Amino acid sequence: MKTSYRIQWKGFMVESDTWEERENLGNAKEAIEEFEKEYRQDMEDVRKQKREEGMFRREELLERFMAKKLFG
């Protein structure tokens, strides 16, 4: 499977966007590298947030369980 990127062409409307394979974007190497760096960071931020939310939910469940056991 080849990687493709949605290209927003400067000076054109969104309707003119196209999907281009990486091998056809030799002149945009720096832009692609910057995009991929930001994408990886965004994905790591999402994973971190999911882990933190999961930990919060587990703690919340533990507190509820303890309260039920103590008072129920």
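The values are calculated or read from the model by the stated rules, or taken from the named source; none is laboratory data. From a predicted model like this one, the values you see are computed outputs, not experimental measurements. Here Cβ is always computed from backbone atoms with ideal geometry, including for glycine, and neighbour counts include all displayed protein chains.
So E21 ticks every box in (1) at pLDDT below 75; (2) touching a Lys or Arg at 6+ places or on another chain (Cβ under 6 Å) but one. Which box is left unticked?
The one condition E21 does not meet is (1).
Any residue in segment 42-51 that is surrounded by 10 or more Cβ atoms within 10 Å (Cβ to Cβ), outside any helix (DSSP H, G or I) and at pLDDT 80 or above?
no
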